[in-house]
1. Taking the stretch 234-263, which residues are within 16 Å of the ligand (Cβ to nearest atom) and either aromatic (Phe, Trp, Tyr) or more than 17 Å from Ala279 (Cα to Cα) (or both)?
2. Take Gly121 and decide whether it is loosely packed, with under 13 Cβ neighbours inside 10 Å and not acidic (Asp, Glu).
3. Any idea which of (1) more than 21 Å from the chain's Cα centre (by Cα); (2) in contact (Cβ under 8 Å) with a residue 40 or more places away in the chain; (3) exposed (fewer than 14 other Cβ atoms within 10 Å of the Cβ) is the one Gly311 doesn't satisfy?
4. Looking only at the stretch 17-26, decide whether some residue is of a type in the set (A, V, I, L, M), within 17 Å of the chain's Cα centre (by Cα), surrounded by 19 or more Cβ atoms within 10 Å (Cβ to Cβ) and within 16 Å of the ligand (Cβ to nearest atom).
5. Output the residues belonging to the stretch 127-154 that are of a type outside the set (Val, Ile, Thr), within 19 Å of Leu15 (Cβ to Cβ) and touching a strand residue (DSSP E or B) at 6+ places or on another chain (Cβ under 8 Å).
6. Hey, does the stretch 202-217 have a residue that's more than 29 Å from Asp104 (Cα to Cα), crowded, with 24+ Cβ neighbours inside 10 Å and within 11 Å of the ligand (Cβ to nearest atom)?
7. Kindly indicate which of Ala325, Ala333, Ala287 is closer than 22 Å to Leu15 by Cβ and in contact (Cβ under 8 Å) with a residue 60 or more places away in the chain.
8. Could you please tell me which pairs satisfy a Cβ distance under 6 Å, a separation of 6+ or placement on different chains, a first residue in the stretch 22-43 that is assigned to a helix (DSSP H, G or I), and a second residue that is open to solvent by 10 Å² or more (accessible area, probe 1.4 Å)?
Amino acid sequence: MVTFLAGGTGTPKLLDGAADVFDPAETTVVGNSGDDVELGGLLVCPDVDTVLFHGGGVLDTDRWWGIADDTTETNAELHRLADAAGFEPGPRYLDDEAQVAGRDIARWRRFSGVAEFMEIGDKDRAVHVTRTSLLDEGNSLTEVTRILADAFDLAVDLVPMSDDPVASIIHTDEGAMHFQEFWVAERAAPAVEDVEFRGADEARPSSETLDALADPVVVGPSNPVTSIGPMLALPGVERALHETPVVAVSPFVEDEVFSGPAAKLMEAVGYEASTAGVAEAYPFADAFVLDTADGTELDRPVVRTDTKIDGPADAERVARAVAKALAELTDSAGAEAA
Ligand code: GDP
């Protein structure tokens, strides 16, 4: 058994070629839910959905979000209506009172659907309608995710990190904003002062997540702050990771990030924006997979390979490096025990 911790790009890219190395029937993927939003009343789970759509063979792998060849008629009509009514485009975060007045799972991540600021495709939207409706019918987010995973015929077990709300709030020089506003609407431009996982102290990891953390864990090359950070903020998760073999794949080559705002966010929370910073952020990691061009010296075992993932063949190569690192850990643990 093996468990992957996933955001919405780096780890799903790795999973794209992991099936020949890690049996999907024995693989659990724990998805970040810190950057979920409620948009126009619908719960959207971007990271979980990327794994869902990828597993279902329908992911748009040019963007690593949304469904390939989806239409956007409803989104376009939402913009036309808002424009005709004189509303400015852009995120419309509900006021503080409304943030805590709706569904519990939506706390501190509720946006009005007027001029829908995230482009939700038409088929994509059907997933959010189904998810939100099943939640309203009384299912937990974990149960709903399993129902959707069956509908997409996923080979791996996909679980959200928690059934409770955790909202990634980015404190910037332009004020506090939800991660999706910072990333999708602001293109990560504002200066970041701090990152908060609102609700994490009262949230619990789901029991399915805790069970999965008893197996060896792979932290994929995801953003350490806003993809893995929300999981680490949940009570008990870091402790569980300290007690199981963990291999982490760096989303950096030394201080070069492959994509996204990871560097800026890491600096904002006090880590060096580099592989060394990732190692510092992951004290529970027992070994790392780094790029061959990454000369960072770490105090833990390292397996090197070309970590640029551009399709299944690359993903399989990186997955083999992960498997090698895990095998070395378990062998040495076995030798110590003997
Ligand atoms: P998000 O939810 O979309 O932010 O996605 P993740 O957190 O899962 O992944 C974002 C991270 O993936 C970024 O920090 C990138 O540096 C990393 N990444 C993207 N492409 C690659 C790649 O080809 N190789 C590696 N090693 N990391 C990558």
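The values are calculated or read from the model by the stated rules, or taken from the named source; none is laboratory data. Because the structure is a prediction, the values reported are computed rather than measured. Neighbour counts run over all protein chains shown; Cβ positions are idealised from the backbone, glycine included. Ligands, DNA and RNA are stripped out before the accessible areas are found, and what is left, the full protein with its side chains, is counted by its heavy atoms. Shrake-Rupley method; radii C 1.70, N 1.55, O 1.52, S 1.80 Å.
1. Initial filter on the stretch 234-263 (within 16 Å of the ligand (Cβ to nearest atom)): 247-263.
Passing the criteria: Phe252, Phe258, Ser259, Gly260, Pro261.
2. Numbers: loosely packed, with under 13 Cβ neighbours inside 10 Å: no; not acidic (Asp, Glu): yes.
So Gly121 fails the test.
3. Failing condition for Gly311: (1).
4. Let us first name the residues in the stretch 17-26 that are of a type in the set (A, V, I, L, M), namely 18-19, 21, 25.
Pick out the ones that are also within 17 Å of the chain's Cα centre (by Cα) and you get none.
Checked the stretch 17-26: no residue is of a type in the set (A, V, I, L, M), within 17 Å of the chain's Cα centre (by Cα), surrounded by 19 or more Cβ atoms within 10 Å (Cβ to Cβ) and within 16 Å of the ligand (Cβ to nearest atom).
5. From the stretch 127-154, those of a type outside the set (Val, Ile, Thr) are 128, 131, 133-141, 143, 146, 148-154; that's our starting set.
Adding the requirement that they be within 19 Å of Leu15 (Cβ to Cβ) leaves 146, 148-154.
Those that are of a type outside the set (Val, Ile, Thr), within 19 Å of Leu15 (Cβ to Cβ) and touching a strand residue (DSSP E or B) at 6+ places or on another chain (Cβ under 8 Å): Arg146, Ala149.
6. Initially, the stretch 202-217 is screened for residues more than 29 Å from Asp104 (Cα to Cα), giving 215-217.
Okay, now just the ones that are also crowded, with 24+ Cβ neighbours inside 10 Å, so 217.
In the following step, the residues that additionally are within 11 Å of the ligand (Cβ to nearest atom) were identified as none.
No, the stretch 202-217 contains no residue that is more than 29 Å from Asp104 (Cα to Cα), crowded, with 24+ Cβ neighbours inside 10 Å and within 11 Å of the ligand (Cβ to nearest atom).
7. Details: Ala333 fails: closer than 22 Å to Leu15 by Cβ; Ala287 fails: in contact (Cβ under 8 Å) with a residue 60 or more places away in the chain.
Sole residue among the options that is closer than 22 Å to Leu15 by Cβ and in contact (Cβ under 8 Å) with a residue 60 or more places away in the chain: Ala325.
8. Pro24/Ala155; Pro24/Val156; Glu26/Met1
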